[in-house]
Amino acid sequence: MKKLLLFSSLFLIGCGSISRGCAKYFGSDEICIDGVKYIQFTSGASVKYNKDGSIATCK
């Protein structure tokens, strides 16, 4: 059980630094750069928009 928990933790930590790799397995990944949210895909990235058409922000 401890090995599974360790593996899961390391996998999730890796998603923050390897967004493109995570996008390969999950379809997409969100990243924050300079207060703007981006959606990372395996072939590139795009700005994330809110439902009202404004750009999604983050801390």
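Straightening the chain between ASP52 and LYS24 buys 7.2 nm, computed as 0.36 nm per residue apart minus the Cα-Cα spacing. A simple rule links phi to the HN-Hα coupling: the Karplus curve 6.51 cos²θ - 1.76 cosθ + 1.60 with θ = phi - 60°, which for the stretch 44-59 gives x, 9, 9, 5, 8, 10, 7, 4, 8, x, 7, 6, 6, 10, 8, 8 Hz, with x for Gly and Pro.
Values in this text are rule-based calculations from the coordinates and carry no lab data. Fair warning: this is a prediction, and the values are worked out from it, not measured in the lab.
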